[in-house]
1. Each label point is 7 Å from the Cα along the Cα-to-Cβ direction; what then is the distance between the points at residue 81 and residue 174, in nm?
2. Please give the length that would be gained between residue 24 and residue 199 if that part of the chain were fully extended, namely 0.36 nm times their separation in residues minus their C-alpha to C-alpha distance (nm, one decimal).
3. Using heavy-atom solvent-accessible surface (probe 1.4 Å) with all chains present, what is the largest-first order of 36, 172?
4. Taking only protein heavy atoms into account and a 1.4 Å probe, give the accessible area per residue of the chain in Å².
5. Per-residue ellipticity at 222 nm for the chain, helices alone: DSSP H runs ≥ 4 residues times -39500 (n - 2.57), over residue total, nearest 500 deg cm²/dmol?
6. Using only the alpha-carbon atoms of the range 52-157, report the extent along each of the three principal axes, biggest first, to the nearest angstrom.
7. So how much slack lies between residue 223 and residue 129, counting 0.36 nm per residue of separation and subtracting their Cα-Cα distance, in nm?
8. Using θ = phi - 60° and the Karplus curve 6.51 cos²θ - 1.76 cosθ + 1.60, what whole-Hz ³J(HN,Hα) does each residue of the range 189-199 get, with Gly and Pro shown as x?
Amino acid sequence: MPLIVLEGLDGAGKSTQVKMLTEYFEKLGKQVFFKHFPRLDSPYWGEMIASFLRGEYGDINQVHPQLVAALYAGDRWDASYEMLQHLKQGRVVFLDRYVYSNLAYQCAKVDNEEEKDRLRNWILQFEFDYFKIPKPNINLFLDVPQSFVEQKLKEQRTGDDRTYLKGKSDIHEKSLTFQQKVRQEYLYLCQHYELIYIDCSLNGTLAPIEVVFNRLLEKIVKAC
């Protein structure tokens, strides 16, 4: 069964779309498994990633992106056996972020294009060749209007998925300039790698979730 990945900036609505896709496939009689990365509540890898995002290892430009990439890669490797078991059992597996998020977020911290290329190649080899995590059947990037991302990041975000911050700010989220750089990296990946672009706008504003869902479903059905 397919392994399907949704990528996007913080607040892009990936979780909502995964829920709708899950309901769609379950109505078809398919069993579905979902995983969100990074797993901030997992021991060791998740704890270290959460510490990094709280700024405990330094600010966003003080920790080498290759080291950060290794933490995120280790988290996926740690979860890979569980994912493989679900795939072997015939389940449709949905992932909220995966390897391309590592490329986008870490390369956004690098200015030199040659260094970016080296980092991209290293991450892909480290995750897929060394750790041998499962490769997706399809990767989709949800591109929402920048104004919507800015609005979501300025809002007071609460919930159980925010407990990792322990009252602090997420260093990946607090800079709108950094989020813009991440988007540019995602757009580059859509042009040069196997990442499919999904336009989440309609007439210059955020498209209704049903419109985005239909655009996603069309690409998924065609690929899988």
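The values are calculated or read from the model by the stated rules, or taken from the named source; none is laboratory data. For clarity, every value in this text was computed on a predicted model and none was experimentally measured. Don't worry about glycine lacking a Cβ; one is built from the backbone with ideal geometry, like all the others, and counts go over all protein chains shown. These accessible areas exclude ligands, DNA and RNA; they are computed on the full protein's heavy atoms, side chains included. Shrake-Rupley method; radii C 1.70, N 1.55, O 1.52, S 1.80 Å.
1. 3.7 nm
2. Details: separation 175, 0.36 × 175 = 63.00 nm, distance 2.06 nm.
Stretched fully, the residue 24-residue 199 segment lengthens by 60.9 nm.
3. Numbers: 36 75, 172 10 Å².
Ranked from most to least accessible, the order is 36, 172.
4. Details: 11450 Å² over 224 residues.
Using a 1.4 Å probe on heavy atoms only, each residue of the chain averages 51 Å².
5. Working: 8 runs with 109 residues, N = 224.
Taking each H run of at least 4 residues, the total per residue is -15500 deg cm²/dmol.
6. 41, 31, 27
7. Numbers: separation 94, 0.36 × 94 = 33.84 nm, distance 2.32 nm.
This chain segment gains 31.5 nm when fully extended.
8. Taking θ as phi minus 60°, the curve returns 5, 5, 7, 10, 10, 8, 10, 8, 7, 10, 6 Hz for the range 189-199.
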